[in-house]
Amino acid sequence: MFGDLSFSHILILLLVLVLVFGAKRIPEVGSALGQGINEFKRSLKDATGSDQPILPPRSVQSMTSSTLSPDGDPKRLGD
């Protein structure tokens, strides 16, 4: 996405950034942006961690013993 930016493009972007925000406000903007990213990451972690725990799947052994008839064939609905 940004692979085609040359050094002159970056300098022009920085010049526009200084003109728009001013030299004193750029650290404040960067700090606010960093805090916003950290808050976003924290909220994602809280959202995924607060969900109900997922029940583990039943073991294969218990499933096969309940779905097989005594002779080893699968149970049928009519049986």
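Each value in this text was obtained by applying a stated rule to the coordinates, not by laboratory testing. Worth saying up front: this structure is predicted, and the values here are computed from it rather than measured. Don't worry about glycine lacking a Cβ; one is built from the backbone with ideal geometry, like all the others, and counts go over all protein chains shown.
Worth pointing out:
- The convex hull defined by the C-alpha atoms of region 1-45 has an orientation-averaged projected area of 4.3 nm².
- Cβ-Cβ FRET estimate between residue 31 and residue 11, R0 fixed at 22 Å, reported to 0.05: 0.45
- Here the extension length gained between residue 40 and residue 4 equals 10.1 nm, from 0.36 nm per residue of separation less the Cα-Cα distance.
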